[in-house]
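Remarks on the structure that follows.
The values are calculated or read from the model by the stated rules, or taken from the named source; none is laboratory data. Just so it is clear, the structure is predicted and the values come from calculations on it, not from any experiment. Cβ coordinates were reconstructed from backbone atoms using ideal geometry, including for glycine residues, and neighbour counts include every protein chain displayed. Please note that ligands, DNA and RNA were not included when accessible areas were found on the heavy atoms of the full protein model with its side chains. Shrake-Rupley method; radii C 1.70, N 1.55, O 1.52, S 1.80 Å.
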Amino acid sequence: MEHFVIRGGRPLSGMIPISGAKNAALPACVASLLTDEQVIIDHVPHLRDVSTILSTISSLGKRVVRDEESVSIAGGEDLRCQPQALFVEQMRASFLVLGPLVARLGRAIVPLPGGCQIGARPVDLHLSGLRSLGAQVTEGANSVTVVAKRLRGARINLPFPSVGATEQIAMSACLAKGETLIENAAWEPEVMDLADLLRRMGAEIEYREGSLHIQGRPSLHGARHLVIPDRMEAGTYLIASAITGGQVTVQGVVPEHLRSVLQILSGTGCKIEETDHAIKVTSDARPRPINTITAPYPGFPTDLQPPLVALLSLADGTSTVEEKIFEHRFTYTSALREMGAQIEVNGRTAVINGVSKLQATSASAPDIRAGAALVLAALAADGESTIDNLGQIDRGYEHMVQKLRGLGGQIERIS
Ligand code: EPZ
């Protein structure tokens, strides 16, 4: 099985370029379903999840052309209303095609995405949003069928600012008749990036005071869009700097998107320097312990919780991290415990008694971010670790080996 071999215990240092954001690129590709005209998306990372979304869109009848950093998506005169189950099962973001297909075709049949390692991840908010827009939703055992002659605008109050539900409803509402208000909408930078693309495509969409205001249009047109930098990738490498006692600069980022992460890193004792598009994190001592919770933006992101816990496992004292977004996002801590970390999980809270050293291990990446956390722990640990199930890490981190090697990391991919 393909695996990483990591020889840890050395500080990382240098500059690392940050890729386009996976979680912005995925909905941007889906938004291309809202028009037959050409949509060009730049700064699209080469990731397994991106390939999956492009396959999903091709399976619906779109012409997709990918070159180095860009994706061109056009056509759709013969748009189909049902994507191949294979792709939706692989990745939850494929479920976002549901609303745009209904808006374009009046009917869509989309497989229900499976649960995953981090929690149940239901789609009830997506479906109730579409119902509010006037669609008839029928839930089968494995798929959902949604029908609507023409969606109509509505006032929708989300009980939780779900990223996916906000994106699903926003895309659908762009082609609905009349005005839609999504109250308590998610406003993660990736959601705002999607809104930006939709505006370029001719949508009237604006975020004001916690709500997305959308004035529906009969049609949208083609556009070209540059995806924002990946704050999760950047945050992961900044934490890699902290955990190895290094000095790493992430280049090509929007520091504002990482505000809560920088606050936390500063709380652990790291020195932070930032310019308009770069952040440098320097660490020359054991991290200080902290207590924190994950939260929707602008709070500390759940996606960086596993790397943070890896860092805190080496802190000089006891930390707590409460996971507020996903109910099962601490499963990877058993692998950290095998490395010598002292972590106790009580429900949604991890209590981490920092140790001074981690030992090398052999482990499997359980999911994207937990996989990254294990890589970071291995980079900090004494000795040689192996990490397999790299398909998970490939879903979310472009060129991880090259990037870490560029910082002096001793990591190899063995096929
Ligand atoms: C997005 O997932 C991201 N994925 C996730 O990144 C990220 O962890 C998450 O937002 C939170 O920031 C993409 O953007 C492709 P949610 P999403 O809907 O949209 C509950 C990564 O590693 N909920 O905001 O699925 C849900 O169960 C991934 O890159 C419902 O109850 O997240 C969860 O507890 C993992 N009903 C909470 O809301 C619904 O209908 C947040 O989910 C929808 C969500």
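Where does each of 276, 230, 316 land when they are ordered by accessible area, with a 1.4 Å probe and the largest first?
So the residues, ranked largest to smallest area, are 276, 316, 230.
The calculated FRET efficiency for residue 155 paired with residue 51, based on their beta-carbon distance and R0 = 41 Å, is about 0.65.
With both labels modelled 7 Å from their Cα along Cα-to-Cβ, the residue 338 to residue 179 distance reads 5.7 nm.
Computed over Cα pairs, the Kirkwood radius of the chain leads via Stokes-Einstein (0.692 mPa s, 37 °C) to a diffusion coefficient of 151 µm² per second. Each residue, residue 349 and residue 402, gets one label point 7 Å from its Cα in the Cβ direction; the gap between the two is 4.5 nm.
Per-residue 3J(HN,Hα) values for region 400-407, derived from phi via the Karplus relation 6.51 cos²θ - 1.76 cosθ + 1.60 with θ = phi - 60°, read 4, 5, 4, 5, 5, 5, x, 9 Hz in sequence order (x marks Gly and Pro). GNM on the chain, C-alpha springs below 10 Å: top fluctuator among 360, 285, 120? Comparing 360, 285, 120 in a Gaussian network model of the chain, the most mobile one is 120.
Here the chain has 47 percent of its accessible surface on carbon and sulfur atoms, given a 1.4 Å probe and all protein chains in place.
Surface analysis of region 219-344 yields an accessible area of 37 Å² per residue, using protein heavy atoms and a 1.4 Å probe.
GNM on the chain, alpha-carbon springs under 10 angstrom: the most fluctuating residue among 209, 188, 322 is 209. The equivalent ellipsoid of region 22-226 has semi-axes of 22, 20, 17 Å, largest first, where each one is the square root of 5 times an eigenvalue of the Cα gyration tensor.
Between region 110-159 and region 213-250, the alpha-carbon centres lie 26 Å apart.
Expressed to the nearest 5 percent, the antiparallel share of DSSP beta bridges inside region 22-226 is 80 percent. Taken along the Cα-to-beta-carbon direction at a fixed 7 Å, the label points for residue 147 and residue 209 span 4.0 nm. Beta bridges per DSSP, both residues in the chain: antiparallel share near 75 percent. Region 276-296 and region 383-415 have Cα centres separated by 22 Å. Note on residue 131: accessible area approximately 110 square angstrom, rounded to 10, probe 1.4 Å, nucleic acids and ligands left out. By the helix-only formula, in which each DSSP H run with n ≥ 4 contributes -39500 (n - 2.57) and the sum is divided by residues, the chain has a 222 nm mean residue ellipticity of -9000 deg cm²/dmol.
Take residue 319: with every protein chain present and a 1.4 Å probe, its accessible area is about 0 Å².
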